[in-house]
Amino acid sequence: MRLVESADVPEIPQRPEAAHDRAVATRRRPVADLAALIRPSHAAKAILLVPVALIGPAPPSLAEVAGVFWATVAFMVASAAVYIGNDLADRHRDRLHPVKCARPIAAGRVGVLTAGACCAVLLAVLAAIVARSPAASWPVLVYLVLNVAYSRGLKHVPLVDVGVVAAGFVLRVLQGYEVTGDRVPAWLLITVFAMSLLLLIGKRRQELLEGGAAHRPALRGYSMELTNWLLQIASVLALVSGLMYLRDEGPFGPEHGQTAMMLSTPFALFALFRYLQLQLVHKQGGDPVRVLLGDRVMVANSVLWAAALGVTLVLVHL
């Protein structure tokens with residue numbers, strides 16, 4: 001989440017204790033608070049990434065669609081359990097944060113036992129889904145192990161922290177391909193990893209602007225200058241690898257891959273330019289999901305880009 005800036009009214013700093021007191025004093029909304037625990041808006045990460053495996057030169061079979069559907073649900077459930085576990089582990093530190101103190105567990109609107117029970121139920125549901133195809137579910141299981149390691153200490157190691165989280169996005173893509181059995185495009189994995197790093201570094205930069213390293217110890221290993229350089233490196237890698245994927249490994253085939261790459265270049269560049277504008281000019285990099293799905297300019301560019309590639313894909317297979 002981001003802080004709203006105003007040019008007319010100066011921002012008055014408030015004590016974290018006061019913010020926490022207000023959060024606790026708010027009226028309890030059990031259903032809304034339990035829903036907030038699992039952060040439903042973040043389900044877009046699985047919905048957008050796991051089904052990428054269905055995009056290919058040939059239409060997917062019903063079995064592949066069903067398998068990818070359950071793989072997407074599995075990652076949504078696993079992510080929800082991870083969010084609850086992290087909020088439980090960080091509840092004391094979150095109470096000192098001016099924004100995170102409003103989270104249900106940190107604010108006291110959801111008890112520790114209730115949150116733990118919800119996490120256990122989600123893990124039981126995940127186990128039932130994984131039992132349908134244990135051999136093909138290794139990415140989601142690795143994701144859980146990786147997040148336990150992240151919560152236990154890796155999140156405090158600068159640079160490693162963003163790398164671990166970015167790996168979670170790559171695992172989502174791998175899960176889809178594991179279900180379909182298709183070859184995993186290497187350029188696609190590099191693109192997803194680089195894009196994830198770009199968004200995560202932007203989030204770290206915004207956290208430095210808002211509160212420094214007091215809430216997140218790993219921020220002591222970052223600076224504004226370092227994050228600016230890292231944003232540039234991740235942007236270049238994401239752009240180049242994404243275009244190479246479209247040219248060499250995308251669903252357009254070797255004959256039309258270059259056309260897809262050339263057609264995508266202006267849209268990809270504009271998307272990166274817009275993100276950097278939101279990050280560096282408007283200071284809106286705190287919530288990557290909100291940046292990507294809540295900015296109308298970014299959404300419009302993505303829709304036009306998807307439409308252009310969709311039409312090209314249809315024409316290729318006529």
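The values are calculated or read from the model by the stated rules, or taken from the named source; none is laboratory data. This is a predicted model, so every value here is computed, not measured. All Cβ positions, even for glycine, are placed from backbone atoms using ideal geometry, and neighbour counts span all protein chains on display. Side chains are part of the model used for accessible areas, which takes the heavy atoms of the whole protein and leaves out ligands, DNA and RNA. Shrake-Rupley method; radii C 1.70, N 1.55, O 1.52, S 1.80 Å.
Ranking ASP161, ASP182 from most to least accessible surface, computed with a 1.4 Å probe over the protein chains only, gives ASP182, ASP161. Among LYS283, LYS100, the order of accessible area from largest down is LYS283, LYS100, computed with a 1.4 Å probe on protein heavy atoms. Calculate the length of the line joining the C-alpha centroid of region 182-212 to that of region 39-116, in whole Å. Using only Cα atoms, the two centres lie 17 Å from each other.
Helix 160-180 axis versus longest C-alpha principal axis of the chain: approximately 40°, rounded to the nearest ten.
Accessible surface for HIS317 stands near 90 Å², nearest 10, in the context of the full protein assembly shown (1.4 Å probe).
Here's how it looks for GLN284: its modeled amide H is under 5 Å from those of GLN279, which are all 5 or more places away or on a different chain.
Rolling a 1.4 Å probe over the protein heavy atoms leaves CYS119 with an accessible area of roughly 20 Å². Within the straight-line cut-off of under 19 Å between alpha carbons, the lysines reachable from LYS283 are LYS100, LYS203, sequence neighbours fewer than 8 places apart in one chain being disregarded. Surface exposure of the chain, expressed per residue as accessible area with a 1.4 Å probe, stands at 52 Å².
Between SER137, TYR83, VAL31, the Cα set farthest toward the positive side of the dipole of the chain (charges on each charged residue's Cβ, about the Cα centre) is that of VAL31. Can you give the accessible area of ILE47, probe radius 1.4 Å, in Å² rounded to 10? Around 90 Å² of this residue is reachable by solvent. Dividing the mean sequence gap of close Cα pairs (under 8 Å, 6+ apart) by how many residues the chain holds gives a relative contact order of 19 percent.
Taking the Cα centre of the chain as reference, the dipole from Cβ charges on Lys and Arg (+1) and Asp and Glu (-1) amounts to some 920 debye. Protection proxy ranking of 64-77, 263-276, by the mean of other Cβ atoms within 10 Å over each peptide's residues and highest first, is 64-77, 263-276.
Helical runs (DSSP H, four residues minimum) scored at -39500 (n - 2.57) apiece and divided by the length of the chain put the mean residue ellipticity at 222 nm at -22500 deg cm²/dmol. When only alpha carbons are used to place a centre, region 257-312 and region 219-236 end up 21 Å from one another.
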